[in-house]
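Working notes, beginning with the structure itself.
The values are calculated or read from the model by the stated rules, or taken from the named source; none is laboratory data. On a predicted model such as this, the values are computed, not experimentally measured, just so you know. Because the Cβ atoms are built from the backbone with ideal geometry, glycine has one as well, and the counts that use them run over all protein chains shown.
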Amino acid sequence: MKTAWISGEGDITEKLIIAHRGSSTDARENTIGSFEKALASGADMIEFDVRRTKDNILIVFHDEMIQGYPVKDLTHQAISQAAKNQGFDIPTLEEVLKWAGAKIKLDVELKEEGYEKEAVELLLRYLEEDQFVTTSFNDATLKVVKERYPDIKTGLILGRDIPSYRFLTRLQEFFPMKRCKKAKADFLVAHFKLLRVGFLERARRSHLPVFVWTVNDEEMIWKLLRDRRVYAIITDKPDLAVSLRKKGL
């Protein structure tokens, strides 16, 4: 990477390409197979989701429910069996970290509050602080991570599908600087639909790097690759994004 590790100072000349849940158009999302394809594509980072089971195992899984039951109310064994019944495996966070090693940087989304310390301690067992970031929709989660581990980079995710308080939530997503400061976040992870009414310019003035998710349209990827205010592009198609970045060099 040609720029400082997630710094808000100056324009970004080369974008990070982050594989959303791995290369999730080529393999099932959040699986080792998907991560292997993302690594092969030349992506700079892999984004994935972390949840905790009833028996306190940290797993890499996006959905809140599996086969109609909340993940947090099921044991790891029960969840693994439910996944096998559907033809796939759910890796634990530790399994992913053992696989990743120093091969590729990681964007680790913590889906819920309450297990921040356990997740970060596990990450630090396998990785250096500049080999991963933690992100979340939950302001409190980011604040816990930053207060305990000030050198770890954290990102506030913006763009909920169904906001709790529609108008207020959307307003705080278009103008998130106070939230970001309170959560002690280092950067913003904005849904591409938020990139209007001056969002990127406000972020630039506040020296906040912006990751944009989830961008799969070729024309939009190309446009964002050329926008110096964008730090990273999160995509289900890392191979496409990497090839477009090479064309632009």
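Of the residues making up segment 158-168, one or more are crowded, with 17+ Cβ neighbours inside 10 Å and not aromatic (Phe, Trp, Tyr). With respect to being at pLDDT 95 or above, under 25 Å from residue 243 (Cα atoms) and of a type in the set (A, V, I, L, M), residue 65 falls outside the description.
So, in segment 94-114, how many residues would count as being of a type in the set (Lys, Arg), surrounded by 14 or more Cβ atoms within 10 Å (Cβ to Cβ) and part of a loop (DSSP other than H, G, I, E, B)?
In the first step, residues of segment 94-114 are kept if they are of a type in the set (Lys, Arg); the result is 98, 103, 105, 111.
Subset that is surrounded by 14 or more Cβ atoms within 10 Å (Cβ to Cβ): 105, 111.
Checking which are part of a loop (DSSP other than H, G, I, E, B) leaves us with 111.
Looking only at that region, the number is 1.
In segment 131-149, the residues that are within 20 Å of residue 45 (Cα to Cα) and in a helix (DSSP H, G or I) reach residues that are at pLDDT below 95 and among the small types (Gly, Ala, Ser) with C-beta atoms within less than 9 angstrom, at least six apart or across chains, in these pairs: 131/102. For beta carbons closer than 7 Å, sequence separation of 6+ or different chains, a first residue in segment 230-249 that is closer than 10 Å to residue 16 by Cβ and a second that is surrounded by 24 or more Cβ atoms within 10 Å (Cβ to Cβ) and acidic (Asp, Glu), the qualifying pairs are 234/47.
In segment 200-217, the residues that are more than 13 Å from residue 173 (Cβ to Cβ) and in a loop (DSSP other than H, G, I, E, B) reach residues that are charged (D, E, K, R) and at pLDDT 95 or above with C-beta atoms within less than 7 angstrom, at least six apart or across chains, in these pairs: 214/236; 216/236; 216/237. The single condition from (1) crowded, with 20+ Cβ neighbours inside 10 Å; (2) among the small types (Gly, Ala, Ser); (3) more than 19 Å from residue 14 (Cβ to Cβ) that residue 232 fails is (3).
Given 50, 120, 144, which one is under 20 Å from residue 29 (Cα atoms) and of a type in the set (Val, Ile, Thr)?
50
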